[in-house]
1. Where the accessible area of the chain is counted over protein heavy atoms with a 1.4 Å probe, how much of it, in %, is carbon and sulfur?
2. Taking Cα pairs under 8 Å and at least six residues apart, what relative contact order does the range 74-230 come out at, in percent?
3. Highest mean first, what order results for 49-56, 208-215 on Cβ atoms within 10 Å?
4. Restricting the count to DSSP beta bridges whose residues both fall in the chain, what percent are antiparallel, rounded to a multiple of 5?
5. At a Förster distance of 35 Å, what's the computed FRET efficiency of N10 paired with N142, Cβ-Cβ distance as r, to 0.05?
6. Can you give the relative contact order of the range 1-114 as a percent, counting alpha carbon pairs under 8 Å and 6+ residues apart?
7. Set Lys and Arg Cβ to +1 and Asp and Glu Cβ to -1, take the dipole of the chain about its Cα centre, and tell me which of I234, A91, S267 lies farthest positive.
8. Explain nothing, just the number: dipole magnitude of the range 191-305 about its Cα centre with +1 on each Lys and Arg Cβ and -1 on each Asp and Glu Cβ, in debye rounded to the nearest 20.
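The values are calculated or read from the model by the stated rules, or taken from the named source; none is laboratory data. Only a predicted model underlies this, so the values are computations on that prediction, with no experimental measurement involved. Cβ: placed from backbone, ideal geometry, glycine included. Neighbour counts: every protein chain shown. Note: accessible area is taken over every heavy atom of the protein model, side chains too, but ligands, DNA and RNA are not part of it. Shrake-Rupley method; radii C 1.70, N 1.55, O 1.52, S 1.80 Å.
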Amino acid sequence: MADLTVRVGNVQFANPVIAASGTFGFGREMRVFQDLSRIGGICSKGLTLLPRAGNATPRVAETASGMLNSVGLQNPGLQSFLANELSFMAALGCRIIINIAGNDHEEYLEMCRQLDATSIDAIELNLSCPNVREGCMLIGSNPQMIEKLVAAARQVTRKPLWAKLTPNVTSIADMARAAESGGADAVVLINTLLGMAIDRKLRRPLLRNNTGGLSGPAIKPIALRMVAETYRAIGIPIVGVGGIMDGNDVLEFMIAGAAAVEIGTASLVRPTACQDIIREIETIMELDGVSEVSQYTGTLALWNG
Ligand SMILES: Cc1cc2nc3c(=O)[nH]c(=O)nc-3n(C[C@H](O)[C@H](O)[C@H](O)COP(=O)(O)O)c2cc1C
């Protein structure tokens, strides 16, 4: 039997497959398609302190090998989540990571304080949403602000802290170093790349928000490069995300340096993606003669490296 367990800091996962924020809700709709106790973990839709209606529609558009979204963090707010969703998620039998976004420092810290008292396994600080005007990506594009926020969050919670980084920066490794200096337990990369789609006849952007975040297979080579680059820059674990569609993609991310991965757009294309991908990993491990999946992590041999 292949050993699929992985560790991200102090948290052990039954396998490296985690559902990515915003593409799995709180698991309610997805449990119809698969046994969620078999996947490594679920990262919740991004939560804010107060409820958000999100951006005006249209807010998704298909692109070559990917999609754009400008959902804008539509969510019921932390209080409603704690009252109505947390106990459901906690009973699913997999690891639960809660993704949070704030308009400012204090909002992030207040959410961390409230989540500290719950049974969740980790907090993912979304420092990377390209679809909201305030906080978030503004903080995530500035290493000093990342370090300050992570260090402040570290003071108010004992939960493992994962910093989710934006690829819309010159050097993602600098942002990851800042998160590490602030005391993050792991970095998660990447969130979506800022993009645009245009309706030629209307001469208008397809998305009502004008721009949106690009995800799916189109961004995989960028995400892989960023994971490989960041792996050489920091000592804390990396959770790799971006365009993963199958088991082979997962192992490529692990070779580049990821301890675990998150699956986003693939679940929108194929709701059973997470469960299918776990099976594919097992099959490939057998072919490769590898008994522990964690043995793939960080084994990339760069040419002239
Ligand atoms: C419709 C949609 C909504 C998303 N919402 C969030 C969110 O609330 N918080 C977050 O950190 N990332 C969010 N993301 C980004 C994904 O978690 C992931 O980082 C990104 O899509 C790249 O992975 P993928 O190519 O596998 O989708 C969203 C992505 C999509 C497609």
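1. 51 percent
2. Value for the range 74-230: 18 percent.
3. Highest mean packing first, the order is 208-215, 49-56.
4. Details: 16 of 44 bridges.
Given both bridge residues lie in the chain, the antiparallel proportion sits at roughly 35 percent.
5. With a Förster radius of 35 Å, E is 0.80.
6. 26 percent
7. S267
8. On the way: 10 positive and 12 negative charges, 215 e Å.
Rounded to the nearest 20 debye, it is 1040 debye.
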